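These notes are about the structure you will find just below.
The values are calculated or read from the model by the stated rules, or taken from the named source; none is laboratory data. These numbers were taken from a predicted model, which means no experiment stands behind them. Cβ atoms come from the backbone with ideal geometry, glycine included; neighbour counts cover every protein chain shown. Surface areas here come from the heavy atoms of the whole protein model, side chains and all, with no ligands, DNA or RNA. Shrake-Rupley method; radii C 1.70, N 1.55, O 1.52, S 1.80 Å.
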Amino acid sequence: MERSINSMPDFTDIKYERPDVDAFMALVKSLRLKLMTTKDVEVAKEVLFEYEKNLSHIYTQFELCNILHDLDTSNEFYSDELDCFEEISAKVEEMASGVMSVMLNCPCSSELRACFGDMIFLKAENSKKQISSAVVDDIVNESNLENDYAQLQSEAEIEFNGEKLNLSMLEPYLESTDRKTRIEASHKLDEYYMGRKDTYGDIFDKLVKVRTEIAHKLGFKNFTELGYVRMERYDYNADDVKKFRDNVVKYIVPISVQIRKNQEKHLGLDKLMYYDQPCLFKNGNPRPQIKLEDYNKVSGEFFAKIFETTPSFFDVLSQHGFTDLISRHNKSTGGYCMYLDDYAIPFIFMNGNGTADDVSTIVHEGGHAYAAVKSAEVSPFIECTSPTLETCEIHSTAMEFLSYRFMDMFYGDEADKYCQLHMTNAMLFIPYGCMVDEFQHIIYDNPELTPDERNNVWKELEKKYQPGINYDNHPFHEQGCAWMKKDHIFTTPFYYIDYCLSHIVALSLWDESQQDFKEAMIKYNQLCELGGTDTFKKLLEAADLPSPFDTDVMKKLAYSCCRFLEL
């Protein structure tokens, strides 16, 4: 089954059509029967390719529906269609798991393994563990609750400075050089969350309960175990992740503490408060020195320069309408790269608002998109074109760090200042990401905790990962509710540590690029081209990249980052 970006439609030419799931299920039953009985490996391959083609169509329509919904959340048609997909997705996954189970045990499974390698079989075994008819309704309930949270976030409207702003539009005010503005914007934001605290808490409480119920029905001790299966952690476990978090506490948290002390001094404050944290420079954080409407053009030129090819893949995507970069009303929050399987084309979605985060997000999602294009033909199985998520995050995060030498294209004479800001934020983020991860481990290991007890868990973890944080007696934060702002905790449990793992590998590439940029880019390209053909650690080994679980790697990078930041 070929998938190529070469035959490129415009995004507006791709029409959404709700897939005929009944027809798909009938076809899958027929294909499963053929796969069960055939001893001819060529017939078995034809069956699998036919199945993959039809599964790809289902996924593509779901992905397209997501994008169209997020571009305009006020469009009720796509909201209703997403609800429909939530009803059918669990059934589709159950059917897909059934095909993979048959492949594991069909008469010519050994020949298929010889043809396609072990990875698709690992995925088949993993799929069997996380789906059954007994949990289909629970998974639909879980998805609906996740959508409830996402919709609540996208509908946020905060009156500030004479305007009604969504969450993305408020961000520039949160990092204002004027402390009064920062305080007012922060309080407005927190008042918004405080007024909906019980709603957010109720959604999460229901999510914990339904996820725990799903885990128990599938035979797991708790959702933590199931969460690791869902995240496809084939060659590391919770003990490895705990060791990683412990290393972060030992080697990265002290750096973040020093950063905050320096920030307090540079801002001329007696005491750094939580609303001061986004403003890292007294004269303001660097902002892109290009207009919002020029983001597509300059981004295309940037990727052409770093990959030494013209036009860049980003140019092609933007010319055909596969990028939407600027924040606006009724547009969903956040940023992502969504891959349209049938077309082998990534769509880059973000909410540009004129802050430094814009450029890092463009580069981050561009890294995802580049890797998707590079690995489009790596496997006949759509399940193996992309790797597990911690590796995907290396594609994106490493691109952020490798971009430093080209940042003058966005920031002009403030390029060095941006790089300092970006590295600073990385050192602040890694402890925060580990705090999110440990929070989820505790919550799902102890699902009987009350909402107040969960808030207390967060407060205690802040002392460990963000020591010295001062909330100036603001009730929303003082009560330990700040975790409610993090969408991953609601919608993608146990994902957040992947960003931390990827940061360490990405920093290793950055560290190497200081001495040999071309060699670092060779390793980066190698990782992208491998796609999802192997497990996390094996992909790192194949691309000659270090393991983030190696204590010596963490120590070395901590030193290099301190030197870069002149701490």
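Annotation: ARG405 fulfils all but one of (1) under 21 Å from TYR59 (Cβ atoms); (2) touching a Phe, Trp or Tyr at 6+ places or on another chain (Cβ under 8 Å); (3) open to solvent by 10 Å² or more (accessible area, probe 1.4 Å); (4) not aromatic (Phe, Trp, Tyr); the unmet one is (1). Being of a type in the set (Lys, Arg) and either at positive phi or without any contact (Cβ under 8 Å) to a residue 24 or more places away in the chain (or both), is that true of even one residue in region 213-220? For region 213-220, residues of a type in the set (Lys, Arg) and either at positive phi or without any contact (Cβ under 8 Å) to a residue 24 or more places away in the chain (or both): absent. Once region 333-359 is narrowed to residues that are open to solvent by 20 Å² or more (accessible area, probe 1.4 Å), within 28 Å of GLY284 (Cα to Cα) and among the hydroxyl-bearing types (Ser, Thr, Tyr), the residue that is modelled with the lowest pLDDT is THR333. In the set TYR411, TYR370, only one residue is in a helix (DSSP H, G or I) and either at pLDDT below 95 or more than 20 Å from the chain's Cα centre (by Cα) (or both); that residue is TYR411. For region 313-370, the set of residues classified as of a type in the set (Phe, Trp, Tyr) and under 17 Å from ILE14 (Cα atoms) consists of PHE322, TYR339, TYR343, PHE347, PHE349, listed by residue number.
All told, ALA124 falls short of being in contact (Cβ under 8 Å) with a residue 24 or more places away in the chain, more than 27 Å from LYS217 (Cβ to Cβ), in contact with a helix residue (DSSP H, G or I) (Cβ under 7 Å, 6 or more places away or on another chain) and hydrophobic (A, V, I, L, M, F, W, C).
Starting from residues that are within 19 Å of ASN351 (Cβ to Cβ) and among the hydrophobic types (A, V, I, L, M, F, W, C), keep the ones in region 166-186 and report whichever is surrounded by the fewest Cβ atoms within 10 Å (Cβ to Cβ). Only one residue tops the list, namely LEU174. From the set of residues in region 467-505 that are touching a residue at least 60 places away in the same chain (Cβ under 8 Å), under 17 Å from the mean Cα position of the chain (by Cα) and open to solvent by 20 Å² or more (accessible area, probe 1.4 Å), which is nearest to ASP205 (Cα to Cα)? Among residues in region 467-505 that are touching a residue at least 60 places away in the same chain (Cβ under 8 Å), under 17 Å from the mean Cα position of the chain (by Cα) and open to solvent by 20 Å² or more (accessible area, probe 1.4 Å), the one nearest to ASP205 (Cα to Cα) is THR491.
Set side by side, the residues ILE67, ILE14 differ, and just one is more than 24 Å from the chain's Cα centre (by Cα), under 23 Å from SER375 (Cβ atoms) and β-branched (Val, Ile, Thr), which is ILE14.
Name the single residue, out of those in region 289-325 being part of a helix (DSSP H, G or I) and open to solvent by 50 Å² or more (accessible area, probe 1.4 Å), that is nearest to TYR343 (Cα to Cα). Filtering region 289-325 for residues that are part of a helix (DSSP H, G or I) and open to solvent by 50 Å² or more (accessible area, probe 1.4 Å), the one nearest to TYR343 (Cα to Cα) comes out as GLN319.
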